[in-house]
Amino acid sequence: AEAAMAEGEGLVSVDYEVSGRVQGVFFRKYTQGEAKRLGLVGWVQNTSHGTVQGQIQGPTARVRELQEWLRKKGSPQSRISRAEFSNEKKIAALEHTDFQILK
């Protein structure tokens, strides 16, 4: 029944990049925690140019919640100046098994 429910809502995949003071403030750890709480899969990593990027996959409504969190909230010490989302697409199945922090 649970699978059918997720099916009806539809799954999406979206890439994100967050700018601001987002490195060295446990941003990845908090993003992973929030994603797991929402039951989403994907990944997060620091980039060489001081941003945090990754991919989110899951039911549309839950993905929207994490997008909002990435745009407004982040980790307690972070200061987000911009969150950009790209490559959004509908997917038939999740392409990740969990939400990982990539080094």
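The values are calculated or read from the model by the stated rules, or taken from the named source; none is laboratory data. Just so you know, these numbers come straight off a predicted model, no measurement behind them. Surface accessibility is based on the protein's heavy atoms, side chains included, excluding ligands, DNA and RNA. Shrake-Rupley method; radii C 1.70, N 1.55, O 1.52, S 1.80 Å.
Of note:
- Sulfur and carbon atoms: percent of accessible area, the chain [1.4 Å]: 50 percent
- Largest to smallest accessible area among SER86, SER81, SER19 [probe 1.4 Å]: SER81, SER86, SER19
- Heavy-atom surface of the chain, accessible at 1.4 Å and reported per residue (Å²): 58 Å²
- Computed over the chain, the convex hull of the alpha-carbon atoms projects to a mean area of 6.0 nm².
- Probe 1.4 Å, all protein chains present, accessible-area order of TYR16, TYR30, largest first: TYR30, TYR16
- Counting only residues at least eight positions apart within a chain, or on another chain, the lysines with an alpha carbon under 19 Å from that of LYS72 are LYS29, LYS36.
- Considering only alpha-carbon pairs that sit under 8 angstrom and 6 or more positions apart, the relative contact order computed for the chain is 44 percent.
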